[in-house]
Amino acid sequence: MNPQTPLVSVIIPVFNSAAYIADSINSILRQDYTQLEIIVVDDGSTDGTAEIVQGLADPRVRYVCQSNSGSAVARNYGISLAKGELIAFNDSDDLWAPQRLTQQVNYLNDHPEYQAVCGRFMHVNADFSLTAADATAAEQYCAEAVFDPTKSGWMYLTLLQVSCFHIITLLVKKQALAQVHFNPDYRRGQDYDFWLQLANQTRVAQLDNLYAFYRKNLLSISHKPHSRNYRAEILQAAISQYGTTDQLGRTMDSRQLNTIFAQVWFEHGYELFQAKWYKASAQSYRRGLRYRKNKAGAYKFLLLSYLLRLQDRTPAYAVTR
């Protein structure tokens, strides 16, 4: 195989995705970079997903199935099956821009100091489909790969503060994933945990180009509230394992960490408040105030949570960490 056109393995975990999976796969097959395989890992679908995938007449599409174990296990399984030197991910309801792989493969070929490259994505409504006009617009928008130095390099410390990348825009060398995996213990935040692992292992390049369309699916796990603050758990685990100093010797002090954890707990508290889980919301706001006692807005929502809890008879959910 030509080293300038390595095989790309695209991994798609699916579960009851019959409504969207064909659009997702076809947006990848529509790439002008053709050296690819698509590994669809079915996590126990019961809605006809298997028939749709197996009915696609393209030898580059591989279909495998597993018992229902979650998307993290499915992605890890897909990585283990991948034949490509480069790995990419897509979700079963998301779409790619047509020149995405060509630009990213070329960038990694031209910049060997990077083992991973990602880009921008666009939120679209659930009924979005990639029409010919959409494809043309995306192609014009992505005419030239533009390097973004503010979101490139050793990004571990930046990621402790903000999740600035999306997994569906990533192209990474398979060798860089030797010590990186998706953790099935996290029902939410698996991608964020993956990014923290990867950013501790290698430099990441961000190209300021539109590479993917993220479909808003309100039924997905990522949009459902949960009493467990996964982001706080993931941050704590990363700091325990990797510390707060990056490969360039830059460090994060306790004041910065307190600000980060306070914000994570306040955001979690607000999410639970919006879901009317008032007791759990109050618990999260209290946790946040341990890190930042002068946040006036947090006291307002803490008080509101207590008052509304007195009127509310929804189940009490215990916040765990």
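The values are calculated or read from the model by the stated rules, or taken from the named source; none is laboratory data. Quick caveat: nothing in here was measured; it's all calculated off a predicted structure. For neighbour counting, all protein chains shown are included, and Cβ atoms are generated from backbone atoms with ideal geometry for every residue, glycine included.
Going by the conditions given, is Q104 modelled with pLDDT of 95 or more and surrounded by fewer than 23 Cβ atoms within 10 Å (Cβ to Cβ)?
When the stated conditions are applied, Q104 does not pass them.
Restricting the stretch 20-36 to residues that are more than 21 Å from the chain's Cα centre (by Cα) and farther than 14 Å from V61 by Cβ, which is surrounded by the fewest Cβ atoms within 10 Å (Cβ to Cβ)?
The qualifying residue surrounded by the fewest Cβ atoms within 10 Å (Cβ to Cβ) is D32.
Restricting attention to the stretch 262-300, and to residues there that are in a helix (DSSP H, G or I) and aliphatic (A, V, I, L, M), which single residue is modelled with the lowest pLDDT?
It comes out as A296.
Conditions tested, residue by residue: (1) hydrophobic (A, V, I, L, M, F, W, C); (2) within 15 Å of the chain's Cα centre (by Cα); (3) at pLDDT below 95.
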{"residue": "I167", "(1), (2), (3)": "yes, yes, no"}
{"residue": "H181", "(1), (2), (3)": "no, yes, no"}
{"residue": "Q190", "(1), (2), (3)": "no, yes, no"}
{"residue": "F194", "(1), (2), (3)": "yes, yes, no"}
{"residue": "L218", "(1), (2), (3)": "yes, no, yes"}
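Taking the stretch 43-89, which residues are surrounded by 23 or more Cβ atoms within 10 Å (Cβ to Cβ) and either closer than 23 Å to P6 by Cβ or of a type in the set (V, I, T) (or both)?
Matches in the stretch 43-89: T49, V53, R75, G78, L86, I87, A88, F89.
Of all residues in the stretch 239-278, count the ones that are farther than 27 Å from Q179 by Cβ and small (G, A, S).
Final tally of qualifying residues: 4.
Do we have E233 as at pLDDT below 85 and farther than 23 Å from I25 by Cβ here?
no
Please work out if A238 is within 25 Å of S284 (Cβ to Cβ) and within 17 Å of the chain's Cα centre (by Cα).
So A238 passes the test.
Pairs only if they're at least six apart or on different chains, beta carbon under 6 angstrom, first in the stretch 163-192 and under 17 Å from S71 (Cβ atoms) and free of Cβ contacts under 8 Å to residues at least 40 places away in the same chain, second crowded, with 19+ Cβ neighbours inside 10 Å and acidic (D, E); list them, first residue then second.
none
Name the one entry in A205, A238 that is modelled with pLDDT of 95 or more and part of a strand (DSSP E or B).
Exactly one of A205, A238 is modelled with pLDDT of 95 or more and part of a strand (DSSP E or B), namely A205.
Scan the stretch 247-269 and tell me whether some residue there is in contact with a His (Cβ under 9 Å, 6 or more places away or on another chain), in contact (Cβ under 8 Å) with a residue 12 or more places away in the chain and surrounded by fewer than 21 Cβ atoms within 10 Å (Cβ to Cβ).
no
Specify which of the listed residues (N16, N109) is at positive phi and modelled with pLDDT of 95 or more.
N16
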